[in-house]
Amino acid sequence: MKPRPQIALIALVSSSLALIAAPAVFAADPFQDVTDNVGLQGVGGGHAAWGDFDNDGWVDLTVDGQLWRNENGKAFARVKDVAFAGSAIWGDVDNDGDLDVFAIGGKVYRNVAGQAFTEIEGAIPEMPKSPMTATWVDVNGDGFIDLYITGYEGDGYHPDFLLQNQGDSTFKVTFRGPATPGRGVTACDYDEDGDTDIYVSNYRLVPNALLRNDGQGNLTDVAMAAKVDGDGDLGAWGHTIGSSWGDFDNDGHFDLFAGNFSHPPAYQDRPKFYRNQGREKDWSFSDLSENAGLHWQESYASPALADFDNDGQLDLFFTTVYAGDRSVLYRNQGGWKFENVTAAVRVDRPTTYQAAWADYDNDGYMDIINGGRLFRNSGGQNRWLKARLSGRGKVNLSAFGSQVRIRLGDATLTRQVESATGQGNQNDLTLHFGLGMHAEDVDLEVRWPDGSRQLVKHVKTNSVVRVAKE
(Lines give C-alpha, C1' and ligand atoms only; values in the text may rest on other atoms or scores of the structure.)
Protein backbone atom coordinates (compact mmCIF):
# COMPACT_ATOMS: atom_id res chain seq x y z
CA MET A 1 0.00 0.00 0.00
CA LYS A 2 1.33 3.40 -0.94
CA PRO A 3 1.76 6.09 1.70
CA ARG A 4 -1.34 8.14 2.30
CA PRO A 5 -1.12 11.85 1.41
CA GLN A 6 -1.14 14.50 4.11
CA ILE A 7 -3.26 17.18 2.49
CA ALA A 8 -5.18 19.41 4.86
CA LEU A 9 -5.93 20.03 8.50
CA ILE A 10 -8.51 21.41 10.86
CA ALA A 11 -7.38 23.72 13.62
CA LEU A 12 -8.97 24.85 16.88
CA VAL A 13 -9.38 28.61 16.76
CA SER A 14 -10.90 30.66 19.60
CA SER A 15 -12.62 27.56 20.96
CA SER A 16 -14.46 26.94 17.68
CA LEU A 17 -13.58 24.68 14.80
CA ALA A 18 -12.57 26.46 11.59
CA LEU A 19 -11.61 24.91 8.30
CA ILE A 20 -8.07 25.91 7.45
CA ALA A 21 -6.62 25.73 3.97
CA ALA A 22 -3.15 24.17 3.97
CA PRO A 23 -0.55 23.62 1.28
CA ALA A 24 -1.11 20.38 -0.59
CA VAL A 25 1.43 17.68 0.29
CA PHE A 26 0.87 14.60 -1.83
CA ALA A 27 2.29 11.13 -1.72
CA ALA A 28 3.41 9.78 -5.06
CA ASP A 29 0.44 8.99 -7.29
CA PRO A 30 -2.47 9.70 -4.91
CA PHE A 31 -4.77 8.35 -7.62
CA GLN A 32 -4.18 4.94 -9.19
CA ASP A 33 -5.63 3.81 -12.49
CA VAL A 34 -7.37 0.57 -11.45
CA THR A 35 -9.49 0.12 -14.59
CA ASP A 36 -7.99 -3.16 -15.66
CA ASN A 37 -7.47 -4.47 -12.13
CA VAL A 38 -11.19 -4.17 -11.33
CA GLY A 39 -12.39 -5.68 -14.59
CA LEU A 40 -13.55 -2.53 -16.38
CA GLN A 41 -11.71 -3.38 -19.60
CA GLY A 42 -13.84 -2.16 -22.45
CA VAL A 43 -15.75 0.47 -20.49
CA GLY A 44 -16.53 3.36 -22.78
CA GLY A 45 -15.60 7.01 -22.52
CA GLY A 46 -19.11 8.40 -22.85
CA HIS A 47 -21.31 9.94 -20.19
CA ALA A 48 -21.01 8.07 -16.89
CA ALA A 49 -23.61 7.65 -14.15
CA TRP A 50 -23.08 6.10 -10.73
CA GLY A 51 -26.02 4.46 -8.92
CA ASP A 52 -26.58 1.51 -6.57
CA PHE A 53 -29.20 -0.32 -8.62
CA ASP A 54 -29.22 -3.51 -6.51
CA ASN A 55 -29.23 -1.79 -3.11
CA ASP A 56 -26.26 -3.75 -1.79
CA GLY A 57 -24.39 -0.66 -0.58
CA TRP A 58 -21.84 -0.71 -3.41
CA VAL A 59 -22.37 1.89 -6.12
CA ASP A 60 -22.70 0.55 -9.66
CA LEU A 61 -21.97 2.21 -12.99
CA THR A 62 -23.55 2.75 -16.39
CA VAL A 63 -21.62 4.11 -19.37
CA ASP A 64 -22.74 4.21 -23.02
CA GLY A 65 -25.71 1.98 -22.29
CA GLN A 66 -23.59 -0.66 -20.56
CA LEU A 67 -24.28 -1.68 -16.96
CA TRP A 68 -21.47 -2.66 -14.61
CA ARG A 69 -22.19 -4.24 -11.21
CA ASN A 70 -19.86 -3.35 -8.35
CA GLU A 71 -18.76 -6.50 -6.54
CA ASN A 72 -17.94 -5.34 -3.02
CA GLY A 73 -15.51 -2.68 -4.18
CA LYS A 74 -13.10 -5.30 -5.49
CA ALA A 75 -14.25 -5.69 -9.08
CA PHE A 76 -16.92 -4.76 -11.61
CA ALA A 77 -18.83 -7.30 -13.67
CA ARG A 78 -20.59 -6.41 -16.91
CA VAL A 79 -24.32 -7.19 -16.76
CA LYS A 80 -24.41 -8.53 -20.27
CA ASP A 81 -28.17 -8.99 -20.64
CA VAL A 82 -28.78 -5.24 -20.01
CA ALA A 83 -28.31 -2.62 -22.71
CA PHE A 84 -29.81 0.84 -22.33
CA ALA A 85 -30.62 3.07 -25.31
CA GLY A 86 -27.65 5.37 -24.91
CA SER A 87 -26.18 7.24 -21.97
CA ALA A 88 -28.39 7.12 -18.89
CA ILE A 89 -29.20 8.65 -15.52
CA TRP A 90 -30.50 6.91 -12.40
CA GLY A 91 -33.69 7.80 -10.52
CA ASP A 92 -36.54 5.99 -8.76
CA VAL A 93 -39.39 6.70 -11.17
CA ASP A 94 -42.05 4.69 -9.33
CA ASN A 95 -40.87 5.20 -5.73
CA ASP A 96 -40.57 1.47 -5.12
CA GLY A 97 -37.13 1.69 -3.52
CA ASP A 98 -34.81 0.84 -6.38
CA LEU A 99 -33.22 2.98 -9.07
CA ASP A 100 -34.72 3.04 -12.53
CA VAL A 101 -33.11 4.48 -15.65
CA PHE A 102 -33.80 7.14 -18.25
CA ALA A 103 -31.68 6.67 -21.37
CA ILE A 104 -31.11 9.61 -23.70
CA GLY A 105 -32.45 7.51 -26.57
CA GLY A 106 -35.87 8.25 -25.13
CA LYS A 107 -36.58 5.15 -23.08
CA VAL A 108 -37.37 4.61 -19.40
CA TYR A 109 -36.43 1.28 -17.83
CA ARG A 110 -38.01 -0.09 -14.69
CA ASN A 111 -35.70 -1.82 -12.20
CA VAL A 112 -37.13 -5.17 -11.22
CA ALA A 113 -35.89 -5.78 -7.66
CA GLY A 114 -32.26 -5.14 -8.63
CA GLN A 115 -32.29 -8.20 -10.86
CA ALA A 116 -33.38 -6.98 -14.29
CA PHE A 117 -34.66 -3.98 -16.26
CA THR A 118 -37.77 -3.77 -18.41
CA GLU A 119 -38.69 -0.91 -20.71
CA ILE A 120 -41.77 1.05 -19.68
CA GLU A 121 -43.56 1.18 -23.02
CA GLY A 122 -44.89 4.59 -23.97
CA ALA A 123 -43.38 6.32 -20.94
CA ILE A 124 -42.04 9.24 -23.00
CA PRO A 125 -44.64 10.62 -25.45
CA GLU A 126 -42.36 13.16 -27.11
CA MET A 127 -38.66 13.97 -27.07
CA PRO A 128 -36.78 17.08 -28.12
CA LYS A 129 -34.82 16.80 -31.33
CA SER A 130 -31.16 15.88 -30.88
CA PRO A 131 -31.44 15.41 -27.07
CA MET A 132 -28.09 15.90 -25.39
CA THR A 133 -28.54 15.63 -21.60
CA ALA A 134 -31.23 15.23 -18.95
CA THR A 135 -31.81 15.56 -15.23
CA TRP A 136 -34.39 14.18 -12.82
CA VAL A 137 -36.13 16.87 -10.77
CA ASP A 138 -39.46 16.92 -8.94
CA VAL A 139 -40.63 20.31 -10.20
CA ASN A 140 -44.11 20.33 -8.66
CA GLY A 141 -43.43 18.66 -5.31
CA ASP A 142 -45.83 15.76 -5.81
CA GLY A 143 -43.26 13.16 -4.75
CA PHE A 144 -42.63 11.82 -8.27
CA ILE A 145 -39.51 12.73 -10.22
CA ASP A 146 -39.88 14.56 -13.52
CA LEU A 147 -37.49 14.86 -16.47
CA TYR A 148 -35.88 17.94 -17.95
CA ILE A 149 -34.23 17.13 -21.29
CA THR A 150 -32.10 19.52 -23.35
CA GLY A 151 -32.54 19.77 -27.09
CA TYR A 152 -29.38 20.64 -28.98
CA GLU A 153 -29.09 21.49 -32.67
CA GLY A 154 -29.40 20.10 -36.17
CA ASP A 155 -31.68 22.00 -38.52
CA GLY A 156 -31.31 25.01 -36.26
CA TYR A 157 -31.48 25.03 -32.46
CA HIS A 158 -33.98 22.79 -30.70
CA PRO A 159 -36.07 23.48 -27.58
CA ASP A 160 -35.73 21.76 -24.23
CA PHE A 161 -38.60 19.69 -22.82
CA LEU A 162 -39.91 19.28 -19.29
CA LEU A 163 -41.83 16.03 -18.92
CA GLN A 164 -43.83 15.63 -15.74
CA ASN A 165 -44.30 12.24 -14.12
CA GLN A 166 -48.01 11.40 -14.00
CA GLY A 167 -47.54 9.10 -11.00
CA ASP A 168 -47.85 5.94 -13.08
CA SER A 169 -44.31 6.05 -14.58
CA THR A 170 -45.52 7.83 -17.71
CA PHE A 171 -44.70 11.42 -18.57
CA LYS A 172 -46.44 14.42 -20.12
CA VAL A 173 -44.74 17.38 -21.80
CA THR A 174 -45.58 20.51 -19.77
CA PHE A 175 -42.88 22.96 -20.86
CA ARG A 176 -40.95 23.67 -24.03
CA GLY A 177 -38.01 25.93 -23.50
CA PRO A 178 -36.78 28.37 -26.13
CA ALA A 179 -34.82 26.95 -29.05
CA THR A 180 -31.26 27.05 -27.74
CA PRO A 181 -28.31 24.66 -28.11
CA GLY A 182 -28.41 23.03 -24.67
CA ARG A 183 -25.38 20.94 -23.78
CA GLY A 184 -25.85 20.35 -20.04
CA VAL A 185 -28.52 20.62 -17.36
CA THR A 186 -28.27 20.45 -13.58
CA ALA A 187 -30.73 21.29 -10.79
CA CYS A 188 -30.55 22.91 -7.35
CA ASP A 189 -32.74 24.83 -4.93
CA TYR A 190 -30.30 27.73 -5.07
CA ASP A 191 -32.74 30.22 -3.51
CA GLU A 192 -33.63 27.90 -0.62
CA ASP A 193 -37.40 28.32 -1.02
CA GLY A 194 -38.18 24.60 -0.90
CA ASP A 195 -38.43 23.84 -4.62
CA THR A 196 -35.77 22.86 -7.11
CA ASP A 197 -34.57 25.18 -9.87
CA ILE A 198 -32.80 24.28 -13.12
CA TYR A 199 -29.67 25.61 -14.83
CA VAL A 200 -29.20 24.97 -18.55
CA SER A 201 -25.76 25.25 -20.15
CA ASN A 202 -26.09 26.58 -23.70
CA TYR A 203 -23.49 26.40 -26.45
CA ARG A 204 -22.87 28.66 -29.47
CA LEU A 205 -22.27 31.94 -27.62
CA VAL A 206 -25.87 32.24 -26.43
CA PRO A 207 -26.80 32.98 -22.80
CA ASN A 208 -27.36 30.23 -20.26
CA ALA A 209 -30.73 29.83 -18.56
CA LEU A 210 -31.53 29.75 -14.84
CA LEU A 211 -35.10 28.51 -14.55
CA ARG A 212 -36.56 29.60 -11.24
CA ASN A 213 -39.32 27.29 -10.05
CA ASP A 214 -42.47 28.63 -8.38
CA GLY A 215 -43.07 25.29 -6.65
CA GLN A 216 -45.85 24.31 -9.06
CA GLY A 217 -43.53 23.45 -11.92
CA ASN A 218 -43.79 26.85 -13.63
CA LEU A 219 -40.30 27.88 -14.73
CA THR A 220 -39.11 31.44 -15.36
CA ASP A 221 -35.68 32.28 -16.77
CA VAL A 222 -34.00 34.65 -14.31
CA ALA A 223 -30.41 34.11 -15.49
CA MET A 224 -29.87 37.72 -16.49
CA ALA A 225 -31.25 39.14 -13.25
CA ALA A 226 -29.27 36.60 -11.23
CA LYS A 227 -26.15 37.41 -13.30
CA VAL A 228 -25.41 33.83 -14.38
CA ASP A 229 -26.31 34.09 -18.07
CA GLY A 230 -22.72 34.99 -18.95
CA ASP A 231 -21.04 38.27 -19.83
CA GLY A 232 -22.43 38.95 -23.28
CA ASP A 233 -20.85 42.41 -23.36
CA LEU A 234 -20.28 42.23 -27.11
CA GLY A 235 -23.42 40.29 -27.90
CA ALA A 236 -21.73 36.91 -27.40
CA TRP A 237 -21.75 34.80 -24.28
CA GLY A 238 -20.06 31.44 -23.83
CA HIS A 239 -19.82 28.01 -25.37
CA THR A 240 -21.01 26.41 -22.13
CA ILE A 241 -20.86 22.61 -22.23
CA GLY A 242 -21.59 21.66 -18.63
CA SER A 243 -22.05 23.30 -15.24
CA SER A 244 -22.09 22.18 -11.59
CA TRP A 245 -23.65 23.42 -8.35
CA GLY A 246 -21.59 23.38 -5.15
CA ASP A 247 -20.85 25.42 -2.03
CA PHE A 248 -17.27 26.52 -2.70
CA ASP A 249 -16.91 28.84 0.32
CA ASN A 250 -18.78 26.87 3.01
CA ASP A 251 -21.29 29.63 3.71
CA GLY A 252 -24.31 27.33 3.37
CA HIS A 253 -25.40 28.62 -0.06
CA PHE A 254 -24.99 26.80 -3.35
CA ASP A 255 -22.62 28.50 -5.77
CA LEU A 256 -22.30 27.66 -9.46
CA PHE A 257 -19.46 26.76 -11.81
CA ALA A 258 -20.17 27.31 -15.52
CA GLY A 259 -17.89 25.19 -17.68
CA ASN A 260 -17.19 27.40 -20.67
CA PHE A 261 -15.35 26.22 -23.74
CA SER A 262 -13.85 29.33 -25.35
CA HIS A 263 -11.84 30.12 -28.45
CA PRO A 264 -8.97 32.62 -28.11
CA PRO A 265 -10.95 35.87 -28.69
CA ALA A 266 -11.30 37.57 -25.32
CA TYR A 267 -14.97 38.42 -25.78
CA GLN A 268 -15.91 34.75 -25.35
CA ASP A 269 -16.76 33.76 -21.78
CA ARG A 270 -14.05 31.88 -19.92
CA PRO A 271 -15.06 29.37 -17.23
CA LYS A 272 -17.01 31.10 -14.48
CA PHE A 273 -17.05 30.79 -10.69
CA TYR A 274 -20.30 32.35 -9.53
CA ARG A 275 -20.76 33.05 -5.80
CA ASN A 276 -24.31 32.88 -4.45
CA GLN A 277 -24.88 36.13 -2.54
CA GLY A 278 -27.89 34.85 -0.63
CA ARG A 279 -31.18 36.39 0.37
CA GLU A 280 -29.70 39.84 1.01
CA LYS A 281 -28.89 40.17 -2.72
CA ASP A 282 -32.10 38.44 -3.87
CA TRP A 283 -30.18 35.25 -4.64
CA SER A 284 -28.06 36.87 -7.33
CA PHE A 285 -24.48 35.82 -8.02
CA SER A 286 -21.13 37.60 -8.22
CA ASP A 287 -18.45 36.53 -10.69
CA LEU A 288 -15.27 35.59 -8.79
CA SER A 289 -13.50 33.95 -11.72
CA GLU A 290 -10.81 36.51 -12.41
CA ASN A 291 -8.64 35.74 -9.38
CA ALA A 292 -9.62 32.11 -8.84
CA GLY A 293 -6.48 30.75 -10.50
CA LEU A 294 -7.89 28.83 -13.47
CA HIS A 295 -5.54 28.76 -16.42
CA TRP A 296 -7.07 28.96 -19.88
CA GLN A 297 -7.46 25.99 -22.18
CA GLU A 298 -9.58 26.28 -25.28
CA SER A 299 -11.59 23.09 -25.05
CA TYR A 300 -12.83 22.93 -21.45
CA ALA A 301 -15.96 20.80 -21.36
CA SER A 302 -17.53 18.98 -18.40
CA PRO A 303 -16.95 19.87 -14.72
CA ALA A 304 -17.54 17.61 -11.70
CA LEU A 305 -17.16 18.58 -8.04
CA ALA A 306 -16.02 16.61 -4.99
CA ASP A 307 -13.83 17.07 -1.90
CA PHE A 308 -11.15 14.67 -3.13
CA ASP A 309 -8.74 15.28 -0.23
CA ASN A 310 -11.38 15.40 2.54
CA ASP A 311 -10.21 18.78 3.82
CA GLY A 312 -13.73 20.20 3.88
CA GLN A 313 -13.32 22.28 0.70
CA LEU A 314 -15.08 21.36 -2.55
CA ASP A 315 -12.63 20.76 -5.41
CA LEU A 316 -13.09 20.98 -9.18
CA PHE A 317 -12.35 18.44 -11.89
CA PHE A 318 -12.71 19.74 -15.43
CA THR A 319 -12.40 17.84 -18.73
CA THR A 320 -11.20 19.02 -22.15
CA VAL A 321 -12.00 17.78 -25.67
CA TYR A 322 -9.32 19.07 -28.06
CA ALA A 323 -6.10 17.24 -28.81
CA GLY A 324 -3.29 18.81 -26.82
CA ASP A 325 -5.56 19.92 -23.97
CA ARG A 326 -5.83 17.83 -20.80
CA SER A 327 -8.35 17.39 -18.01
CA VAL A 328 -7.42 19.27 -14.84
CA LEU A 329 -7.98 18.91 -11.09
CA TYR A 330 -8.13 22.15 -9.11
CA ARG A 331 -7.81 21.94 -5.33
CA ASN A 332 -9.87 24.47 -3.41
CA GLN A 333 -7.55 26.43 -1.11
CA GLY A 334 -10.33 28.52 0.42
CA GLY A 335 -11.10 32.17 -0.24
CA TRP A 336 -12.03 31.43 -3.84
CA LYS A 337 -8.46 30.41 -4.69
CA PHE A 338 -7.86 27.19 -6.62
CA GLU A 339 -4.57 25.37 -7.15
CA ASN A 340 -3.91 23.22 -10.21
CA VAL A 341 -2.67 19.92 -8.73
CA THR A 342 -3.08 17.86 -11.90
CA ALA A 343 0.61 17.11 -12.28
CA ALA A 344 0.80 15.85 -8.70
CA VAL A 345 -2.28 13.65 -8.74
CA ARG A 346 -1.91 12.30 -12.30
CA VAL A 347 -5.58 11.87 -12.97
CA ASP A 348 -5.86 13.75 -16.26
CA ARG A 349 -7.15 12.31 -19.53
CA PRO A 350 -7.37 13.85 -23.01
CA THR A 351 -10.45 14.51 -25.16
CA THR A 352 -13.36 13.42 -22.98
CA TYR A 353 -16.73 14.64 -21.70
CA GLN A 354 -16.73 11.96 -19.02
CA ALA A 355 -16.18 12.90 -15.38
CA ALA A 356 -18.17 11.51 -12.44
CA TRP A 357 -17.26 11.00 -8.78
CA ALA A 358 -18.13 8.12 -6.44
CA ASP A 359 -16.60 6.28 -3.51
CA TYR A 360 -16.80 2.93 -5.26
CA ASP A 361 -14.76 1.02 -2.64
CA ASN A 362 -16.42 2.64 0.41
CA ASP A 363 -13.18 3.82 2.00
CA GLY A 364 -14.48 7.37 2.51
CA TYR A 365 -12.44 8.95 -0.29
CA MET A 366 -13.91 9.92 -3.63
CA ASP A 367 -12.80 8.13 -6.78
CA ILE A 368 -13.39 9.30 -10.34
CA ILE A 369 -14.13 7.83 -13.74
CA ASN A 370 -12.64 9.96 -16.48
CA GLY A 371 -12.07 9.26 -20.14
CA GLY A 372 -12.88 5.56 -19.90
CA ARG A 373 -10.54 4.96 -16.94
CA LEU A 374 -11.36 4.51 -13.25
CA PHE A 375 -8.99 6.24 -10.85
CA ARG A 376 -8.97 5.08 -7.23
CA ASN A 377 -8.23 7.65 -4.54
CA SER A 378 -5.63 6.22 -2.16
CA GLY A 379 -6.96 8.37 0.67
CA GLY A 380 -5.29 10.01 3.64
CA GLN A 381 -5.72 10.81 7.32
CA ASN A 382 -8.55 13.32 6.96
CA ARG A 383 -11.91 12.15 8.19
CA TRP A 384 -15.23 11.96 6.37
CA LEU A 385 -18.95 11.30 6.57
CA LYS A 386 -21.38 9.93 4.01
CA ALA A 387 -25.16 10.32 4.07
CA ARG A 388 -27.72 8.29 2.13
CA LEU A 389 -31.13 9.94 2.00
CA SER A 390 -34.55 8.57 1.15
CA GLY A 391 -37.78 10.52 0.92
CA ARG A 392 -41.41 9.64 1.41
CA GLY A 393 -44.79 11.22 0.82
CA LYS A 394 -44.31 14.48 -1.08
CA VAL A 395 -40.54 13.93 -1.15
CA ASN A 396 -39.44 11.60 -3.93
CA LEU A 397 -37.81 8.42 -2.67
CA SER A 398 -34.53 9.23 -4.47
CA ALA A 399 -34.48 12.45 -2.39
CA PHE A 400 -33.47 14.57 -5.40
CA GLY A 401 -33.41 18.21 -4.34
CA SER A 402 -32.62 17.42 -0.70
CA GLN A 403 -29.78 19.32 0.97
CA VAL A 404 -27.63 18.45 3.99
CA ARG A 405 -25.62 20.91 6.07
CA ILE A 406 -22.94 20.29 8.71
CA ARG A 407 -21.69 23.18 10.83
CA LEU A 408 -18.06 23.19 11.89
CA GLY A 409 -17.38 26.42 13.73
CA ASP A 410 -17.87 29.28 11.28
CA ALA A 411 -18.10 26.95 8.29
CA THR A 412 -21.24 25.28 6.97
CA LEU A 413 -20.52 22.32 4.72
CA THR A 414 -23.37 21.86 2.25
CA ARG A 415 -24.20 19.07 -0.18
CA GLN A 416 -27.28 18.12 -2.23
CA VAL A 417 -28.74 15.01 -3.84
CA GLU A 418 -28.58 15.74 -7.55
CA SER A 419 -29.29 13.78 -10.68
CA ALA A 420 -26.86 15.28 -13.18
CA THR A 421 -23.67 17.28 -13.38
CA GLY A 422 -21.55 18.68 -16.20
CA GLN A 423 -22.56 17.35 -19.60
CA GLY A 424 -24.62 14.24 -19.02
CA ASN A 425 -22.75 12.71 -16.07
CA GLN A 426 -24.06 11.68 -12.64
CA ASN A 427 -22.14 11.52 -9.38
CA ASP A 428 -23.04 8.99 -6.69
CA LEU A 429 -26.30 9.90 -4.94
CA THR A 430 -24.68 9.23 -1.56
CA LEU A 431 -23.57 12.59 -0.16
CA HIS A 432 -19.92 12.87 0.82
CA PHE A 433 -18.37 15.30 3.31
CA GLY A 434 -14.67 15.71 4.00
CA LEU A 435 -14.12 16.79 7.61
CA GLY A 436 -10.39 17.37 7.85
CA MET A 437 -9.07 16.14 11.21
CA HIS A 438 -12.39 16.73 13.00
CA ALA A 439 -13.07 13.50 14.92
CA GLU A 440 -15.98 14.47 17.16
CA ASP A 441 -19.58 13.60 16.35
CA VAL A 442 -21.41 16.02 14.05
CA ASP A 443 -25.02 17.08 13.60
CA LEU A 444 -26.72 17.01 10.20
CA GLU A 445 -29.46 19.40 9.16
CA VAL A 446 -31.50 17.91 6.31
CA ARG A 447 -33.60 20.27 4.22
CA TRP A 448 -36.13 18.25 2.25
CA PRO A 449 -37.57 19.60 -1.01
CA ASP A 450 -41.02 19.95 0.56
CA GLY A 451 -39.62 22.73 2.77
CA SER A 452 -39.38 20.64 5.95
CA ARG A 453 -36.20 20.25 7.99
CA GLN A 454 -34.88 17.32 10.00
CA LEU A 455 -32.00 17.30 12.49
CA VAL A 456 -29.86 14.18 12.85
CA LYS A 457 -27.65 14.53 15.92
CA HIS A 458 -24.43 12.95 17.14
CA VAL A 459 -23.35 11.21 13.94
CA LYS A 460 -19.94 9.56 14.14
CA THR A 461 -17.28 10.54 11.63
CA ASN A 462 -15.79 7.98 9.24
CA SER A 463 -19.22 6.43 8.92
CA VAL A 464 -22.21 6.14 6.62
CA VAL A 465 -25.54 7.36 7.96
CA ARG A 466 -28.90 6.53 6.37
CA VAL A 467 -31.54 9.22 6.78
CA ALA A 468 -35.18 8.54 5.96
CA LYS A 469 -37.64 11.41 5.94
CA GLU A 470 -39.70 11.43 9.12
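Some observations on this one:
- The set of residues in segment 360-370 being part of a loop (DSSP other than H, G, I, E, B) and buried (at least 22 other Cβ atoms within 10 Å of the Cβ) consists of Y360, G364, Y365, M366.
- T118 of a type in the set (S, T, N, Q), over 24 Å from D197 (Cα atoms), open to solvent by 10 Å² or more (accessible area, probe 1.4 Å) and in a strand (DSSP E or B): yes
- Filtering segment 244-266 for residues that are in contact with a helix residue (DSSP H, G or I) (Cβ under 7 Å, 6 or more places away or on another chain) and touching a residue at least 60 places away in the same chain (Cβ under 8 Å) leaves an empty set.
- Of the criteria (1) within 20 Å of V395 (Cα to Cα); (2) in a strand (DSSP E or B); (3) within 21 Å of the chain's Cα centre (by Cα), which one F144 fails: (2)
- Enumeration of residues in segment 327-348 that are touching a Phe, Trp or Tyr at 6+ places or on another chain (Cβ under 8 Å) and either assigned to a strand (DSSP E or B) or open to solvent by less than 10 Å² (accessible area, probe 1.4 Å) (or both): S327, V328, L329, Y330, R331, N332, F338, E339, N340, V341, V345, V347
- Residue in segment 147-170 that is most open to solvent (accessible area, probe 1.4 Å), counting only those that are touching a Pro at 6+ places or on another chain (Cβ under 7 Å) and assigned to a strand (DSSP E or B): Y157
- Elements of type strands (runs of 3 or more DSSP E) in segment 44-103, at least 2 residues being in contact with a Ser or Thr (Cβ under 6 Å, 6 or more places away or on another chain): 88-91
- Residue count for segment 230-243 under the criterion of being touching a Gly at 6+ places or on another chain (Cβ under 9 Å), on the phi < 0 side of the Ramachandran plot and open to solvent by less than 20 Å² (accessible area, probe 1.4 Å): the result is 6.
- Residue in segment 252-274 that is more than 19 Å from the chain's Cα centre (by Cα) and under 24 Å from R405 (Cα atoms) present: no
- Qualifying positions in segment 250-267 - farther than 30 Å from D410 by Cα and open to solvent by 10 Å² or more (accessible area, probe 1.4 Å): H263, P264, P265, A266, Y267
- Hey, N276 surrounded by fewer than 20 Cβ atoms within 10 Å (Cβ to Cβ), more than 25 Å from I369 (Cα to Cα) and in contact (Cβ under 8 Å) with a residue 40 or more places away in the chain or not: no
- The selection criterion, being in contact with a Ser or Thr (Cβ under 7 Å, 6 or more places away or on another chain) and either under 24 Å from K386 (Cβ atoms) or open to solvent by 10 Å² or more (accessible area, probe 1.4 Å) (or both), does not hold for D307.
The values are calculated or read from the model by the stated rules, or taken from the named source; none is laboratory data. Keep in mind that this is a model prediction, so the values were computed, not measured. For neighbour counting, all protein chains shown are included, and Cβ atoms are generated from backbone atoms with ideal geometry for every residue, glycine included. Heavy atoms of the whole protein, side chains included, go into the accessibility calculation; ligands, DNA and RNA do not. Shrake-Rupley method; radii C 1.70, N 1.55, O 1.52, S 1.80 Å.
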